[in-house]
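First up is the structure itself, then whatever we jot down about it.
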Amino acid sequence: MARLLPLLPLLLAGLAAAAWSAEPARFTKDDDGCTVTVRLGARFTVELAENPSTGYSWKVVSAGAPAVRQLGEPAFRQDGRLRGSAGTLAIPFEAAAEGRGAIALAYARPFEKDAKPAATFALTVVVEK
């Protein structure tokens, strides 16, 4: 134990750096229906599987205003090299104000106006100081 004592400041610095990492939090299909807590000003993404070649795409039904706001456009990252490959859609958000916001997404074909979505995603975000 005494040998490890000099390493304690290094260990604590590493833990602090990890805790304050600039890497935004990521929420996926596993977080569907969950409530999460984030700090005011924190940035995070919702990342969901998508295959645009089928005509389906994720649409933001609710961005969680006023507590949460969407930052820019979603980014699609294709899994394979072949055209039409499935991939992951990353939608960026920011915790804009203290309170509670509900993010709601729908996976549907935009040209099928009256059809029910093939899938939905919901995330409740609690923003704290």
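Brief remarks on what is shown
- Looking only at region 67-86, and only at residues there that are under 30 Å from K129 (Cβ atoms) and without any contact (Cβ under 8 Å) to a residue 60 or more places away in the chain, the one that is most open to solvent (accessible area, probe 1.4 Å): E73
- Odd one out for S53 among (1) at pLDDT 95 or above; (2) assigned to a helix (DSSP H, G or I); (3) of a type outside the set (A, V, I, L, M, F, W, C): (1)
- Residues of region 20-66 that are touching a Leu at 6+ places or on another chain (Cβ under 9 Å) and either touching a residue at least 60 places away in the same chain (Cβ under 8 Å) or aromatic (F, W, Y) (or both): F27, K29, D31, D32, G33, C34, T35, V36, V46, L48, W58, G64.
- Checking the stated criteria, K59 turns out to be open to solvent by 100 Å² or more (accessible area, probe 1.4 Å), within 22 Å of P117 (Cβ to Cβ), modelled with pLDDT of 95 or more and more than 12 Å from the chain's Cα centre (by Cα).
- When T45 is tested against (1) in contact with a helix residue (DSSP H, G or I) (Cβ under 9 Å, 6 or more places away or on another chain); (2) open to solvent by less than 70 Å² (accessible area, probe 1.4 Å); (3) assigned to a strand (DSSP E or B), only condition (1) is not met.
- Selection count, region 14-32, where residues are at pLDDT 95 or above and either of a type in the set (D, E, K, R) or farther than 17 Å from F93 by Cβ (or both): 5
- Picking from residues in region 87-129 that are aromatic (F, W, Y) and farther than 11 Å from K59 by Cα, the one that is surrounded by the most Cβ atoms within 10 Å (Cβ to Cβ) is F93.
- Flag for A97 being in contact (Cβ under 8 Å) with a residue 40 or more places away in the chain and assigned to a loop (DSSP other than H, G, I, E, B): yes
The values are calculated or read from the model by the stated rules, or taken from the named source; none is laboratory data. From a predicted model like this one, the values you see are computed outputs, not experimental measurements. As a convention, Cβ positions derive from the backbone with ideal geometry for all residues, glycine included, and neighbour counts pool all protein chains shown. Areas reflect the complete protein model, heavy atoms only, side chains present, ligands, DNA and RNA absent. Shrake-Rupley method; radii C 1.70, N 1.55, O 1.52, S 1.80 Å.
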